[in-house]
Structures are given as structure tokens and as C-alpha cells.
């Protein structure tokens, strides 16, 4: 693991890594510069989490921010959760949250009404 890999903790205490390559990818988008602290906050205290219908191991953590570099938006952090590993695939600011219906025992964990298209991530 690279020294530049960041480790975050989500709301369930899981360690989620963000490697150097993914950090570089995020920083290619000007609105994501300086947003690592918000990624950390979104993972630790999400307002909603959606498990994708195409891959149950991919979860999208959402948190709304009134002020961002591009007006008020939801930060969506896409995480791959495996049995022995968890890592961030991408993160971005979006106007709205994914449409979803609640499922499971945790009040924040929901499943989308429709599956994501391949291009959604």
C-alpha cells in the first residue's frame, strides 16, 4: 500500500481506503479539489446510502452540502465493500440523490428503484 493511500472510517467502523490513483482521478475535477475532508465526513455520517442493483457490493454514500465549489449539491461517494477490503471507486458532486426505496435494518441503507446504467459511475 502506498504511503499516499488515505484510510477513512465509515459509519459502521469499516476502514475504507482511497488510493493514490483514485485521488488523482478525483482531483482531475476542479470542484473536487479540497474536498477530501467532505469525503471523510460523508463516509462517517452519511444522510443516505444506496446499494446498487447491478452490484450489491457497491454502495453510494450521500451527504448534502449547502455550500460547495459549485453551489449546493450532494456529495456522492461510491464505495466497493468486499469481505476483506473496502475502497472508494469515485466521488462527485451531484444536484440530487439517487431515487431509492428503503430496505434492510439500517435506516440509511436503501436500494435503488431502478438499476444504474453502466455509465452512471
Restricting the range 3-32 to residues that are touching a helix residue (DSSP H, G or I) at 6+ places or on another chain (Cβ under 6 Å) and over 20 Å from residue 82 (Cα atoms), the residue that is modelled with the lowest pLDDT:
4
Has the range 21-38 got any residue that is in a strand (DSSP E or B) and touching a residue at least 40 places away in the same chain (Cβ under 8 Å)?
no
Residues in the range 21-36 that are touching a strand residue (DSSP E or B) at 6+ places or on another chain (Cβ under 9 Å) and surrounded by 13 or more Cβ atoms within 10 Å (Cβ to Cβ): how many?
9
Output the residues belonging to the range 44-55 that are modelled with pLDDT under 90, exposed (fewer than 14 other Cβ atoms within 10 Å of the Cβ) and in contact with a strand residue (DSSP E or B) (Cβ under 9 Å, 6 or more places away or on another chain).
55
Which of the residues belonging to the range 59-73 are out of contact with any helix residue (DSSP H, G or I) (no Cβ under 9 Å at 6 or more places or on another chain) and either exposed (fewer than 12 other Cβ atoms within 10 Å of the Cβ) or over 14 Å from residue 10 (Cβ atoms) (or both)?
64, 66, 67, 71, 72
Report every pair of residues separated by at least 6 positions or lying on different chains whose Cβ atoms are under 7 Å apart, first residue within the range 63-86 and on the phi < 0 side of the Ramachandran plot and assigned to a loop (DSSP other than H, G, I, E, B), second crowded, with 19+ Cβ neighbours inside 10 Å and at pLDDT 90 or above.
68/93; 70/93
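The values are calculated or read from the model by the stated rules, or taken from the named source; none is laboratory data. Because the structure is a prediction, the values reported are computed rather than measured. Cβ sites come from the backbone with ideal geometry, for glycine too, and all protein chains shown count toward neighbours.
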